[in-house]
Amino acid sequence: MKSAPLVSVIVTCYNQYQVIANTLRSVQEQSHRNIECIVVDDGSTDTSANVIEEIAKADVRIRCIRKANSGVSIARNTGFAESRGDFIQFLDGDDTLAPDKLMRQLEHFQSDDSIDVSYTNHRHFIVKQNRFQTFAFEPIESYPLKQLLYGWHNGVSLPVHAPLLRRRIWPQAECPYPLDYHGRCEDWVFLVLLARKGVKFGFLNEVLCTYTVDDSCFTQDITKLCTAFIQAAQYLESRLPADVNYGFFESVIRRSLHSYHEAHRNEVLYASGNWRLGNLLTKPFATMFKAARRVTGPR
């Protein structure tokens, strides 16, 4: 690029002392060097803040803000208010960026000044299995309001650290995350309201960040996730234009019911009388078949 613009990386952390150093390392190793990293410790009760402050002592680009616990949205707004960069990168305390992420996205912005959001592909790190996995999701459209509303949890996925965002999206007194929303699914609400502004999205088809999934992850609890999805839809419904609002809330209910049913399919099946009757009738034959196989061996 003609100059090296300042990128503000806003990291939120809550009780993530075991992984926050790895997250910050991924920021420090960015090939684009002109960054400031504002880490908002959202009232951690473990040693997260101590870990952050030790890292910050050795890197002047990193600073820690400690505050009482108030949720990730307020923490991100706090970091945004303290930032100075022309570009904004949000990052959770257990996720990571590939070394060239910021550089590649800044090049993307340089190639197309009309876009305000550059987003990339991402991969998942499954903690329990200690492996990475990449899924195929729908590319986000240039103006994706309808797609985000009707495709979320249905082929559309965009973690908050996949985009790099121009600061000019928000006027001076405006916060990125709405001040009157206090529920979960905050990233979906954030992205929908971003698209509602009419800003243009651009897709960089490279895997440049990692989303961590572990047993404590909110999105792993399907009951809480579906409930939060519906509550977020209630908040968004009155803030949508009429041409995309019709049928929106009903579609969220249908998707939530479908997701819940799919997650509990086996439990519902096993609890049904028809399954128990079928199992009772077929189990003796299955037992005899297994016994015969042991005697004769596989064919």
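The values are calculated or read from the model by the stated rules, or taken from the named source; none is laboratory data. Everything numeric in this text was worked out from a predicted model, so none of it was measured. Neighbour counts run over all protein chains shown; Cβ positions are idealised from the backbone, glycine included.
I'd like to know if the stretch 265-287 contains one or more residues that are at pLDDT 75 or above, touching a Leu at 6+ places or on another chain (Cβ under 7 Å) and not in a loop (DSSP other than H, G, I, E, B). Within the stretch 265-287, not a single residue is at pLDDT 75 or above, touching a Leu at 6+ places or on another chain (Cβ under 7 Å) and not in a loop (DSSP other than H, G, I, E, B). Only one of these is in contact (Cβ under 8 Å) with a residue 40 or more places away in the chain, over 26 Å from Thr96 (Cβ atoms) and surrounded by fewer than 17 Cβ atoms within 10 Å (Cβ to Cβ): Ala173, Ala263, Ala242. Name it. Unique residue meeting the criteria: Ala263.
Meeting the requirement of 1 or more residues that are among the polar types (S, T, N, Q), the strands (runs of 3 or more DSSP E) wholly within the stretch 20-116 are 87-92.
I'd like the full set of residues that are in contact with a Phe, Trp or Tyr (Cβ under 7 Å, 6 or more places away or on another chain) and under 21 Å from His161 (Cα atoms), limited to the stretch 45-66.
Residue satisfying the conditions is Ser48 alone.
Condition check for Gln147 on (1) of a type outside the set (Phe, Trp, Tyr); (2) modelled with pLDDT under 95; (3) under 19 Å from Cys185 (Cβ atoms): one failure, at (2). Could you please let me know if Ala21 is touching a helix residue (DSSP H, G or I) at 6+ places or on another chain (Cβ under 7 Å), among the aliphatic types (A, V, I, L, M), at pLDDT 95 or above and farther than 29 Å from Gly183 by Cβ? Yes: the conditions hold for Ala21. Every condition in (1) assigned to a strand (DSSP E or B); (2) farther than 20 Å from Thr120 by Cβ holds for Thr223 except the one numbered (1). Could you list, in sequence order, the residues of the stretch 131-158 that are in contact (Cβ under 8 Å) with a residue 40 or more places away in the chain, under 19 Å from Leu236 (Cα atoms) and in a loop (DSSP other than H, G, I, E, B)? Once the filter is applied, which keeps residues that are in contact (Cβ under 8 Å) with a residue 40 or more places away in the chain, under 19 Å from Leu236 (Cα atoms) and in a loop (DSSP other than H, G, I, E, B), the stretch 131-158 yields Tyr143, Pro144, His153, Asn154.
Table: residues versus (1) exposed (fewer than 14 other Cβ atoms within 10 Å of the Cβ); (2) touching a Cys at 6+ places or on another chain (Cβ under 9 Å); (3) not β-branched (Val, Ile, Thr).
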| residue | (1), (2), (3) |
| --- | --- |
| Ser3 | yes, no, yes |
| Gln18 | yes, no, yes |
| Arg25 | yes, no, yes |
| Gln30 | no, no, yes |
| Glu36 | no, no, yes |
| Val72 | no, no, no |
| Ser83 | no, no, yes |
| Phe87 | no, no, yes |
| Thr96 | no, yes, no |
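A search for C-beta distances below 8 Å between a residue of the stretch 198-210 that is in the same structural domain as Gln133 (by TED's automatic domain parsing) and any residue that is polar (S, T, N, Q) and at pLDDT below 95, counting only pairs 6+ apart in sequence or on different chains, returns Val207/Thr134.
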